[in-house]
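Comments concern the structure below.
The values are calculated or read from the model by the stated rules, or taken from the named source; none is laboratory data. Worth saying up front: this structure is predicted, and the values here are computed from it rather than measured. Note that each Cβ is placed from the backbone with ideal geometry, even for glycine, and that neighbours are counted across all protein chains shown. We work out accessible area using only protein heavy atoms, side chains counted, and drop any ligands, DNA or RNA first. Shrake-Rupley method; radii C 1.70, N 1.55, O 1.52, S 1.80 Å.
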Amino acid sequence: MNLAGRHIIVTGAGAGIGLGIARQCRAAGAEVTGFDLVETGRTRLEETGAVYAQVDVADVAPFEAAIIAAHQRLGRLDGLVNNAGVTIKVPFLEMTHEQMETLWTVNQRSVLVGCQVAGRLMAEDGGGAIVNVASNHARATNPGHEGYAGTKGAIVAMTRAMAWSLGPHKIRVNALCPGMTQTEIVIEAMNDPANAENFRGWAADHEVNTVEEVGDAAVFLLSDAAAALNGADVVADRAMSALLGVNDTRRD
């Protein structure tokens, strides 16, 4: 899982899972360019040794330009992690068109755009690896997540198709589907012992992913150790979505 000498772009890298991925890519020896919408992500990323760029992945032209600029800065692009995303949980019959549009543009369209631009550059460079961060909501979800689950399921489906489109260019494309993970919001919620026990109860080993653990999974998919994986969706949820029983969040 050595990424020494490789240049990886991570979107949504200023906090949460994206920051965990950026940290672990740096620990594996990669040069990392971290895209994030908010300026507060700069310090966290620069502390890892990554280069920060303020980028809104929902704004197509600047997003494309940022990928090209990152490639030009180091003269190559070996990997892209499409991690940026938003969660909107709302009763389905109350979901607005604006919320639908936000989910689509941030979670789904940005993956299409990022993969296309990075794919062109990697094809010119002789290959690379792309990791599209989906969710275990692509497999099993709850009421209130219809729009979110739809975008994450689309990422998995797009990834399969892209594997065949980009494979001839020596570019591997895989989806990473995390479950409950200790992002800043989850950690804050887990300060309540009842929440902590509830969250742990969703996993077979009674643990909750750390962002570094999810980051390690991304590093694996970017590395030569995953050479045989193309078009796969790797579910990193500690068996959360393997359970037949469903936790109906309407009863919370």
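Taking the accessible area of the chain, probe 1.4 Å, and keeping the other protein chains in place, the carbon and sulfur fraction comes to 54%. Enclosing the Cα atoms of the range 77-197 in their convex hull gives a volume equal to 111 cubic angstrom per residue.
Quick one: grab the alpha carbon gyration tensor of the range 19-80, order the square roots of its eigenvalues as a ≥ b ≥ c, and give me rounded if a/c is under 1.5, else prolate or oblate depending on whether a/b is larger than b/c.
Numbers: a/c = 2.07, a/b = 1.21, b/c = 1.71.
It comes out oblate by the Cα gyration axes.
Using a probe radius of 1.4 Å on heavy atoms only, what accessible surface per residue do you get for the chain? Whole Å² is fine. Please list the in-between numbers first.
Details: 11730 Å² over 252 residues.
Solvent-accessible surface per residue comes out at 47 Å².
In terms of its alpha-carbon gyration tensor, the range 138-201 comes out prolate; a/c meets the 1.5 threshold, and the first ratio a/b outweighs b/c.
For Cα extents along the principal axes in Å, the value computed from the atomic coordinates appears in the list (1) 53, 37, 36; (2) 52, 52, 39; (3) 48, 46, 40 under label (1). The listed peptides 86-94, 12-20, 208-216, ordered by packing as a protection proxy, come out as 12-20, 208-216, 86-94 (highest mean of other Cβ atoms within 10 Å first).
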